1. If I ask for residues that are assigned to a loop (DSSP other than H, G, I, E, B) and of a type in the set (Ser, Thr, Tyr), which ones from the range 1-15 would you list?
2. Can you tell which of Leu63, Leu82, Leu95 is at pLDDT 85 or above and on the phi < 0 side of the Ramachandran plot?
3. List, please: which pairs have Cβ atoms under 8 Å, are six or more places apart or on different chains, and start with a residue in the range 64-85 that is under 19 Å from Arg128 (Cα atoms) and end with one that is of a type in the set (Lys, Arg) and not in a loop (DSSP other than H, G, I, E, B)?
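The values are calculated or read from the model by the stated rules, or taken from the named source; none is laboratory data. Predicted, not measured: the structure shown is a model, and the values here were computed from it. Using ideal geometry, Cβ is built from the backbone for each residue, glycine included, and neighbour counts are taken over all protein chains shown.
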Amino acid sequence: MTQRKPPGTSWETWIDAQIRVAMEKGVFDNLPGAGKPLPNLGQEYDPLWWVKQLAQREQISMLPPSLELLRKVEKELATIELHDEATVRRQIAALNVEIAKVNATMVEGPPTRLGTLDVDQVVARWRRARSANPR
């Protein structure tokens with residue numbers, strides 16, 4: 001509601017009137033979670049609950065850039081299941097660009113221990129894995 005509170009009306013009366021009008025219009029009907037128990041109701045209180053939920057919901061990483069890059073490279077190398085070699089080469093080239101960027105601009109956090117990937121070596125590993133598990 002973007003209306004201004006009329007002069008001479010108490011805040012409580014004005015807010016109650018807005019809630020009543022919204023209820024009559026059905027604004028509060030069929031809200032997500034209606035009739036369901038509150039999440040995390042039985043858990044111990046954590047003062048940083050909202051930060052943890054925000055990080056999980058927005059998929060925010062709390063890791064320094066070098067460790068985040070290491071995690072990303074390991075995850076992508078473990079899940080390369082593409083249909084053609086050209087796509088694998090493009091994916092590895094994109095990872096190499098990210099690795100080079102982090103290595104060149106790293107200022108804070110632990111140093112990166114990751115060098116650029118050998119595209120031919122990764123493609124050979126991909127071929128072996130693909131021939132071992134044909135679809």
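1. Here is the first cut: in the range 1-15, the residues assigned to a loop (DSSP other than H, G, I, E, B) are 1-10.
Residues satisfying the conditions are Thr2, Thr9, Ser10.
2. Working: Leu63 fails: at pLDDT 85 or above; Leu82 fails: at pLDDT 85 or above.
The conditions single out Leu95.
3. Note: pairs meeting the criteria are Glu85/Arg127.
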